[in-house]
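> The structure's right below; bear with me while I get my questions together.
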Amino acid sequence: MRKNASKSAIPSGEGDSRSSKKDVQGKKKWRLAALMATVLVAFIIRFVFAYGVSAGDNYALSGGSSASSHLSTIISILTGSFSFTDSALNYPLGSLVANPPLYDFIVAVFAGLFSAMGVSAPTAAAGALAWSAPIFSALTCIPVYLVAKRMFKDETIGVIAAVFYATFALLVMTSVFSNGTEYAFVGFLFAWMVLFLYKALEAADASSVKGFKGIFADKTILKNTLMAGFIFLLIALSWSQFRTILTCLVFIMVAQALIDRFRSKDVSQTVGIFSLVILIGAIVPAVLYIPAGLWSAVYSGAFLLAAISVAFTMIFAATSKKPWVFTLPAIIVAVAVVLVVMLFATPGLFSDLVFGNSHYTGTLMKAILAPSHNTISSMA
């Protein structure tokens, strides 16, 4: 006769395991729900307060002259009259458009959908611009979550980072509905660039193949490095002030190279990853900026900063086996010599490299910006 079982038919170990898996799955679902709610909140607080004012006035834009420039470019794309000059700038002579056009072409695709429904080109362009800022800014919460989660190995911290991005006042102010600038789009791309760059560096630490060849031998490193470089390229083709991000990348590359060198770690792989990202994002845009006539107005400083920093950092990495007490001072002296030569031989390029390019060029702007009391009315 079989006795009645007083214990569960499932071994205690298996029951604990199933319970643990359910807890993990439950936490993942909660965090996913929290992330989606954060994206929604980010969109609502950027949309709800400004929609009535902007849409009620035929999609009035609040991004200042930059928004007006984007609007004019998008309208020209929709009407088939796009060029790198705008007759409305420095009217009636016209002037170069300092903003690279990738963002405008992307927004023009969505504006074309409005236009296909019978909406006029100006209204369609303004509407697409007005909607783009809150949408891209809200979606940025996703890569911000992924970056924080990966850095701290904690999904909860990822959610907290996304909430911070969604509610931070300065970020809200620059990405509300009606803000027709590229800032939200650039922030969206930048967050993804940071994610892929971090994944490449993380894979490099775990790779058994070191040195420059390790970048190309390990598919994970190469894939993430190329993705980071490609996204940086998209930023450079959308934002004339991409030099800001370039400067950050250069600073981190140099600082990390010095730290690794003093810790007797491999320098070349980290330098190689950063250099490849910088070269793709800052050198390749020459195919747009130079033919568009933006070399002096926008691009020369960033180009020189990328080329010089990569060249000397690669030299530092290649000589990492040598005593740093000799190589580091020699490289510092070489950089100083290059800067001094540029200062006297090409002062304009030196200024672009050190201080950045000025959009305000030409005799008219020089006269206006000169230390005098001249006014546009008096000169007219």
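The values are calculated or read from the model by the stated rules, or taken from the named source; none is laboratory data. Small disclaimer: the values here were computed from a predicted structure and weren't measured. Please note: Cβ atoms are built from the backbone with ideal geometry, for glycine as well, and neighbour counts cover all protein chains shown. SASA here: full protein model, heavy atoms, side chains in, ligands and nucleic acids out. Shrake-Rupley method; radii C 1.70, N 1.55, O 1.52, S 1.80 Å.
> Can you tell me which residue within segment 233-258, out of those that are part of a loop (DSSP other than H, G, I, E, B) and in contact (Cβ under 8 Å) with a residue 12 or more places away in the chain, is farthest from S309 (Cα to Cα)? Full working, then the answer.
Step one: list which residues in segment 233-258 are part of a loop (DSSP other than H, G, I, E, B), which gives 237-242.
When the remaining residues are screened for being in contact (Cβ under 8 Å) with a residue 12 or more places away in the chain, the result is 237-240, 242.
On the way: L237: 21, S238: 23, W239: 21, S240: 20, F242: 16 Å.
The qualifying residue farthest from S309 (Cα to Cα) is S238.
> I would also like to ask the following. Would you please name the residue that is most open to solvent (accessible area, probe 1.4 Å), looking only at residues in segment 148-164 that are free of Cβ contacts under 8 Å to residues at least 60 places away in the same chain and within 20 Å of the chain's Cα centre (by Cα)?
To start, the set of residues in segment 148-164 that are free of Cβ contacts under 8 Å to residues at least 60 places away in the same chain comprises 148-154, 157, 160-161, 164.
Keeping just the survivors that are within 20 Å of the chain's Cα centre (by Cα) gives 148-151, 161, 164.
Working: A148: 9, K149: 70, R150: 90, M151: 82, A161: 27, F164: 126 Å².
Checked segment 148-164; the qualifying residue most open to solvent (accessible area, probe 1.4 Å) is F164.
> Say whether the condition of being of a type outside the set (V, I, T) and at positive phi is met by at least one residue in segment 205-216.
Yes: segment 205-216 contains one or more residues that are of a type outside the set (V, I, T) and at positive phi.
> In segment 199-212, what residues are touching a Gly at 6+ places or on another chain (Cβ under 9 Å) and either open to solvent by 40 Å² or more (accessible area, probe 1.4 Å) or over 18 Å from L249 (Cβ atoms) (or both)?
Hits for segment 199-212 are S207, S208, G211, F212.
> Of everything in segment 1-52 that's of a type in the set (S, T, Y) and at pLDDT 85 or above, which residue is nearest to the chain's Cα centre (by Cα)? Quick ask: steps written out before the conclusion?
Quick first cut of segment 1-52, residues of a type in the set (S, T, Y) only: 6, 8, 12, 17, 19-20, 38, 51.
Filter once more, keeping what is at pLDDT 85 or above: 38, 51.
Numbers: T38: 21, Y51: 27 Å.
Per the criteria, the residue is T38.
> Considering only residues of segment 286-326 that are open to solvent by less than 20 Å² (accessible area, probe 1.4 Å) and of a type outside the set (A, V, I, L, M), which is farthest from T85 (Cα to Cα)?
Restricting to residues being open to solvent by less than 20 Å² (accessible area, probe 1.4 Å) and of a type outside the set (A, V, I, L, M), the top hit is F316.
> Can you tell which of F216, F190, F230, F196 is open to solvent by 50 Å² or more (accessible area, probe 1.4 Å), modelled with pLDDT of 95 or more, assigned to a helix (DSSP H, G or I) and over 27 Å from L61 (Cβ atoms)?
F230
> Pick from S309, S351, S378, S296: which is assigned to a helix (DSSP H, G or I) and modelled with pLDDT of 95 or more? Walk me through it before giving the result.
Values: S351 fails: modelled with pLDDT of 95 or more; S378 fails: modelled with pLDDT of 95 or more; S296 fails: modelled with pLDDT of 95 or more.
After applying the criteria, what remains is S309.
> Let me ask another. Identify the residue in segment 165-178 that is in contact (Cβ under 8 Å) with a residue 12 or more places away in the chain and more than 18 Å from the chain's Cα centre (by Cα) and, among all such residues, is most open to solvent (accessible area, probe 1.4 Å).
The selected residue is T167.
> Of all residues being open to solvent by 10 Å² or more (accessible area, probe 1.4 Å) and assigned to a loop (DSSP other than H, G, I, E, B) in segment 259-285, which is nearest to M193 (Cα to Cα)? Just the residue, please.
Here the residue is V284.
> Quick one: how many residues across segment 199-213 are charged (D, E, K, R) and modelled with pLDDT of 95 or more?
Matching residues across segment 199-213 total 1.
> In addition: Any chance segment 53-64 includes a residue that's surrounded by 13 or more Cβ atoms within 10 Å (Cβ to Cβ), in contact with a Lys or Arg (Cβ under 7 Å, 6 or more places away or on another chain), over 28 Å from Y289 (Cβ atoms) and at pLDDT 85 or above? Even if it seems obvious, please write down each step before you answer.
So in segment 53-64, the residues surrounded by 13 or more Cβ atoms within 10 Å (Cβ to Cβ) come out as 54-55, 59-63.
Imposing the further condition that a residue be in contact with a Lys or Arg (Cβ under 7 Å, 6 or more places away or on another chain) reduces the set to none.
Checking segment 53-64: not a single residue is surrounded by 13 or more Cβ atoms within 10 Å (Cβ to Cβ), in contact with a Lys or Arg (Cβ under 7 Å, 6 or more places away or on another chain), over 28 Å from Y289 (Cβ atoms) and at pLDDT 85 or above.
> In segment 65-96, how many residues are part of a loop (DSSP other than H, G, I, E, B), modelled with pLDDT of 80 or more and touching a Leu at 6+ places or on another chain (Cβ under 8 Å)?
1
> Mind checking which residues of segment 223-251 are among the polar types (S, T, N, Q) and under 19 Å from D104 (Cα atoms)?
Those that are among the polar types (S, T, N, Q) and under 19 Å from D104 (Cα atoms): S238, S240, Q241.
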